[in-house]
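What follows is a set of notes on a single structure, which appears directly below.
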Amino acid sequence: MSRFERRFLLRGAGVALALPLLESQALGQSSKNPKRRLVAIEVALGLHAANIIPQQSGRDYQSPIYLKLLDDYRDQFTIMSGVSHPEVGGGHDSYKSFLTCAPHPNSAGFRNSISLDQLAAAKFGSETRFASLALSSSGPGLSWSRSGVEIPTQTRPSQVFKQLFLAGKPDEQKLQLQRLSEGRSVLDVVMEKTKRLHTALTGRDRQKLDQYFEAVREAERRLAKAEAWQQKPKPSVDAKVPRDELDRTRIVERMRLMYDVMHLAIETDSTRFITYNISGMNSVPVIPGIDIDYHNLSHHGKDPAKIAQLTIVESAIIKEFRRFLAKLSESVEEGQALLDSTMVLFGSNLGNASSHDTKNMPILLAGGGFKHGQHLAFDRDQNYPLPNLFVSMLQRLGMETDRFGTGIGTMRGLEIG
């Protein structure tokens, strides 16, 4: 929707005049821009397609096994099939492109681009203490900077909690402010020297230096924001610092702890952009009925026994995701559920983990104020470009754009509620 469509227009004789927002139009509208949020969750070892993709399209689909676990929220999510990122192959390496859409992630000369969350954080992240949170169950995450550098992840819920809610001792706060001040003075010196150098350069060298200038300016903006927020008290929550589950095989307990912290981060408006990579492992998860390692199960080769155990593992993952949706749905902000203002993207970079196939990615979008309750089924042979969904999500956040990565235009069939 353009800025003109948001205002009432008087039309006549080929002229359109935009009137100011009238009181009768403003009834029921908030006087300030609504808070909109984005959470992206990726299951690195895939999701068994037969258990999550319905056979029927539209709104009257029959829920397969995994969606039955989410039936309480059926009207609050859209399941998508026949979607993928154009030119993104590479098996497990495709996680790098899950939120960037950058092609050929397994190529020798691959250079990533900015991820969906980081683009949103660059535009809107100054409104919260933390522009974004990059989380992972272990190892790398999903967030990438504008220059294609991976954003380091946090894997311990206790550390995330402390960062969000614990102020630290007075001497620690003083030291932090001193470090911030020193960081700014270093940037001032660097900028002065590079400005002198800039006048002596031409062509591609000057372009490279301009890119460096922008990186320095971005660092300055982050430092200025950090200084400002350091003076403000952190929010108080009725929760204790979580005790980290250090046993990596207890994946259910570890997911639950991280989801709880994610919910608190959103509920306190400490950040509005979160990514969470649920990475796989070459170990047997501590879940009743499982005696084969998770990675091996994902490469089931259509073995019914392996698929049965894989279904148990992935059902446990879906149940924890449902619990997260429930928390967002039960939390109320300004008279509406937090889920209504939070887009939650859930899925995998792999359409068929058993064969490392990146086509037909299982994707679910919950919340955020869209018209949900449907299965958007696209061509499973000629996939619909998933980057178009990201354009829709950016527009929902309030960004005026019709492009992201290889996506041009919004996603067909997905409408605002």
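For (1) modelled with pLDDT of 95 or more; (2) closer than 16 Å to Ser136 by Cβ; (3) crowded, with 22+ Cβ neighbours inside 10 Å, each residue gets a yes or a no:
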residue: Thr249; (1), (2), (3): yes, no, no
residue: Met258; (1), (2), (3): yes, yes, yes
residue: Val261; (1), (2), (3): yes, yes, yes
residue: Arg272; (1), (2), (3): yes, no, yes
residue: Ser283; (1), (2), (3): yes, no, no
residue: Val286; (1), (2), (3): yes, no, no
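Filtered by the rule that a residue be over 25 Å from Ser84 (Cα atoms) and basic (Lys, Arg), region 324-362 gives a lone residue, Lys327. Pairs linking a residue in region 229-241 that is surrounded by fewer than 14 Cβ atoms within 10 Å (Cβ to Cβ) to a residue that is at pLDDT below 90 and small (Gly, Ala, Ser), with Cβ atoms under 8 Å and 6 or more positions apart or on different chains, are Pro233/Ala167. Within region 86-138, the only residue that satisfies the criterion of being β-branched (Val, Ile, Thr) and either in a helix (DSSP H, G or I) or in contact with a Pro (Cβ under 9 Å, 6 or more places away or on another chain) (or both) is Val88. Among the residues of region 140-154, is any in the same structural domain as Ala40 (by TED's automatic domain parsing), more than 17 Å from the chain's Cα centre (by Cα) and without any contact (Cβ under 8 Å) to a residue 40 or more places away in the chain? There is no residue in region 140-154 that is in the same structural domain as Ala40 (by TED's automatic domain parsing), more than 17 Å from the chain's Cα centre (by Cα) and without any contact (Cβ under 8 Å) to a residue 40 or more places away in the chain. Reported count of residues in region 374-412, each being part of a strand (DSSP E or B), out of contact with any Ser or Thr (no Cβ under 7 Å at 6 or more places or on another chain) and surrounded by fewer than 22 Cβ atoms within 10 Å (Cβ to Cβ), is 3.
When region 42-85 is filtered for residues that are β-branched (Val, Ile, Thr) and assigned to a helix (DSSP H, G or I), the ones remaining, listed by number, are Ile52, Ile65.
Conditions tested, residue by residue: (1) surrounded by 16 or more Cβ atoms within 10 Å (Cβ to Cβ); (2) within 21 Å of Gly373 (Cβ to Cβ); (3) modelled with pLDDT of 95 or more.
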{"residue": "Tyr294", "(1), (2), (3)": "yes, no, yes"}
{"residue": "Asp303", "(1), (2), (3)": "no, no, yes"}
{"residue": "Gln309", "(1), (2), (3)": "yes, no, yes"}
{"residue": "Glu314", "(1), (2), (3)": "yes, no, yes"}
{"residue": "Glu320", "(1), (2), (3)": "yes, no, yes"}
{"residue": "Arg323", "(1), (2), (3)": "no, yes, yes"}
{"residue": "Ser329", "(1), (2), (3)": "yes, yes, yes"}
{"residue": "Ser341", "(1), (2), (3)": "yes, yes, yes"}
{"residue": "Phe346", "(1), (2), (3)": "yes, yes, yes"}
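The values are calculated or read from the model by the stated rules, or taken from the named source; none is laboratory data. Worth saying up front: this structure is predicted, and the values here are computed from it rather than measured. Heads up, the Cβs are rebuilt from the backbone with ideal geometry, glycines too, and the neighbour counts pull from every protein chain shown.
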